[in-house]
Structure formats: structure tokens, C-alpha cells
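Following: one structure in C-alpha cells, then a few remarks.
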Amino acid sequence: MIRSVIAGTGGYLPGRSLTNDELAAEYGLDTSDAWISERTGIRRRHMAAPGETTADMAAAAAREALAQAGAGADEVDAIILATATPDSAFPSTAARVQEKLGIRSGFAFDISAACTGFVYALGVADSMIRAGQCRSALVIGAEAFTRILDWTDRATCVLFGDGAGAMLLRATEDEGQAEPRGLLSTHLHSDGRHGDILQVEGGVVRMAGREVFRHAVSKLASAVDEALAANGLAKSDVQWLVPHQANLRIIDAMGRKLGLPPERVVVTVDRHANTSAASIPLALAEATRDGRVGRGDLVLMEAIGGGLTWGAALARY
């Protein structure tokens with residue numbers, strides 16, 4: 001059996017970082033650090049510089065993932081990029097990244113599944129590797145979300161930030177190990193009946209926060225249970241939770257459902273805010289870079305986003 005092994009991870013954050021108070025002062029928002037942090041856990045976020053594109057950020061994250069994997073551009077067969085903020089309708093942002101990285105072969109395309117986009121992209125890349133359509137794939141989540149915010153909507157505009165995260169997957173033969181490395185499974189869902197509670201309308205994000213929160217924990221818990229059952233694993237087998245970074249209350253609730261101590265849950269929402277499709281790969285890149293997540297660790301990733309979309313992925317790093 002062929003498995004998709006995580007060969008390298010990478011992340012990129014724009015240089016500009018604003019605290020809650022700085023954001024409120026700059027945009028004239030009637031809010032405060034206490035109001036934002038108590039409800040969401042967010043204390044600051046990064047914002048792309050003028051002229052800095054989604055592709056620029058994605059390429060920077062991809063370069064780090066390639067370097068960590070010891071891979072060159074000639075090894076990449078596919079680029080699958082999840083984003084809700086593409087640089088253009090076409091060409092795809094993935095194709096622009098292909099050009100920036102100097103990749104002259106293979107294929108590249110975007111996926112749109114909002115905050116669940118990276119989990120969707122993982123599922124697509126893993127399926128293509130297992131089917132033999134490619135031997136390696138750059139899977140990227142990248143967002144310039146602060147460019148589609150309504151800065152008069154104080155309940156929404158304080159929640160998001162910009163950034164990119166990447167992962168290089170390599171096809172590896174499973175030789176029957178008891179605990180093989182790589183992606184074990186992905187589990188993807190959507191329900192279009194709830195599309196209007198989190199959407200981009202008129203070029204800006206509109207969100208019914210309480211409704212999204214109401215769906216989040218139950219749907220994420222269901223996807224997590226599905227992933228564990230599919231692999232004959234128990235909650236106690238999970239060593240790391242790397243969740244979508246939208247709200248600290250949701251993250252804490254999922255950690256408790258898994259019985260994980262807080263130090264086994266990777267949290268970046270306090271410093272990154274919600275970077276949508278970029279949040280999981282950014283968090284995993286940070287946790288591998290600082291040595292928390294090590295080779296052989298069982299990692300659970302989960303996310304929910306507009307669509308509604310939601311899903312989970314299990315990987316042995």
C-alpha cells in the first residue's frame with residue numbers, strides 16, 4: 001500500500017502584527033482587548049503588506065516545507081492550494097505559486113472550502129498519491145482575509161488574520177509496520193443548507209457567529225469520532241490535536257472531548273487569529289519547528305468553515 005508521508009512543513013506570517021487595542025484604534029472600532037480576548041482568545045493578528053499577495057505568502061510557506069523535506073522544485077508533482085481569498089479567479093493561486101517556485105512540471109489547482117479548505121486539500125492530495133497520479137504534492141493553505149473584511153462590523157472584523165502554511169507529502173511504500181507513518185485517513189463533510197450563516201456577500205465576510213458556534217463542536221466531534229473509528233483507534237491514542245484556529249472556546253471544548261491536557265493541543269489563535277485555510281498548517285509548522293510534534297506522533301487535525309464544511313484528518317507524523 002502507498003501512504004502519503006508528511007516530509008516537511010512550513011509557515012509564513014506577514015511582518016505586520018496588530019494587537020486588539022491597536023486594531024480598534026486604527027479602524028475606529030468600538031471594542032476592546034478584553035471584549036475580544038475573553039470571547040475568542042484572540043490577542044493579535046498579522047496583516048499582509050500592501051502588494052503582498054496570497055501567492056506570495058503561499059510560496060514563502062512552501063519554500064520552508066521544501067527546505068525541511070530536503071526537496072527541490074523538480075520533486076513536486078502537484079500543488080493543491082486551499083484558499084477563500086485567491087489572487088484572481090484565474091489563473092489559480094496555485095499556478096502562480098508554481099511559477100514563483102520555478103516548478104516546470106506537474107499540475108496545480110485551488111480548492112475552495114473556506115476554513116476547512118486545508119483538510120479538503122489533504123484529502124484530495126492523499127487520494128491522488130494513493131491512486132498513483134503523483135508521487136509528491138505540496139498542500140498549502142493561504143489567506144489574505146483582512147482584505148475581505150467589513151471594518152464597520154466589529155463582531156467579525158476582529159476575528160481574522162493573514163498567513164500561509166504548507167506541507168509536502170511524499171508517496172511511501174507501507175511495508176506492514178504496526179504504526180505506519182503518514183496520513184491514515186481524511187473525513188470530509190458539507191451541508192449547503194447552512195451556507196448563509198458564514199459567507200462572503202458583496203465582497204466581504206458575513207457571519208452569524210452564534211449559529212456557527214452552535215454547529216461547530218457537535219460537527220467537529222462527529223468527524224473526530226469517525227476518523228478514530230475508521231482506524232480502530234481510541235481517543236487516548238491521540239497525542240496531538242492541531243485544530244482550526246477560530247475560537248479558543250471551541251478549541252478547548254474539543255481538547256476536553258478527547259481528554260487531552262492543554263499542553264497537547266496546539267494553539268495559535270491568540271497570536272494569529274483565524275487565518276481560515278492557513279490555520280492548521282501554520283499551527284502544525286510551528287509545533288514541528290519548535291520540536292513539540294515529533295516523528296511518529298499521532299496528530300489529529302479538524303476544521304469547520306463556510307459551506308457549511310467540516311472534516312478531520314489523522315496522520316502519524
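Tabulated results
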{"item": "Rounded D (µm²/s) - region 31-86, Kirkwood Rh over Cα pairs, Stokes-Einstein at 4 °C, 1.567 mPa s", "result": "90 µm²/s"}
{"item": "222 nm mean residue ellipticity, helices alone, for the chain (DSSP H n ≥ 4; -39,500 (n - 2.57); rounded to 500)", "result": "-10000 deg cm²/dmol"}
{"item": "Reciprocal mean inverse distance between Cα atoms of region 173-277 - Kirkwood radius, Å", "result": "15.9 Å"}
{"item": "DSSP bridge pairs, region 31-174: antiparallel proportion in percent, nearest 5", "result": "45 percent"}
{"item": "Kirkwood-Stokes translational diffusion coefficient of region 103-188, alpha-carbon pairs, 37 °C, 0.692 mPa s, µm²/s", "result": "214 µm²/s"}
{"item": "Semi-axis lengths (Å, descending) of the ellipsoid that matches the C-alpha gyration tensor of region 136-181", "result": "40, 12, 5"}
{"item": "Top positive-direction residue, dipole computed over region 1-64 with Cβ charges, set 62, 49, 12", "result": "62"}
{"item": "Accessible-area composition of the chain, carbon plus sulfur, in percent [1.4 Å probe]", "result": "50 percent"}
{"item": "Spacing of the two label points (7 Å from each Cα toward its C-beta) at residue 133 and residue 152, in nm", "result": "4.4 nm"}
{"item": "Karplus 3J(HN,Hα) series, Hz, for region 43-57 with 6.51 cos²θ - 1.76 cosθ + 1.60 (x for Gly, Pro)", "result": "10, 7, 8, 9, 10, 4, 6, x, x, 7, 9, 4, 5, 4, 5"}
{"item": "Listed residues 159, 233, 122, most fluctuating in the chain (Gaussian network, C-alpha, under 10 Å)", "result": "233"}
{"item": "Cα centre as origin, Lys/Arg/Asp/Glu Cβ charges: the chain dipole, Debye", "result": "360 debye"}
{"item": "As computed over region 49-161, the Cα convex hull volume per residue (Å³)", "result": "109 Å³"}
{"item": "Summed residue charge, Cβ within 15 Å of residue 176's Cβ, Lys/Arg positive, Asp/Glu negative", "result": "-1"}
{"item": "Hull-based mean projected area of region 220-266, where the convex hull spans the alpha carbons, in square nanometres", "result": "3.0 nm²"}
{"item": "Cα point-scatterer Debye curve for the chain, base-10 log of I(q)/I(0) at q = 0.16 Å⁻¹", "result": "-1.34"}
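The values are calculated or read from the model by the stated rules, or taken from the named source; none is laboratory data. What you see is a predicted model, and the numbers here were worked out from it, not measured in a lab. Cβ: placed from backbone, ideal geometry, glycine included. Neighbour counts: every protein chain shown. For accessibility, only protein heavy atoms count, side chains too; no ligands or nucleic acids. Shrake-Rupley method; radii C 1.70, N 1.55, O 1.52, S 1.80 Å.
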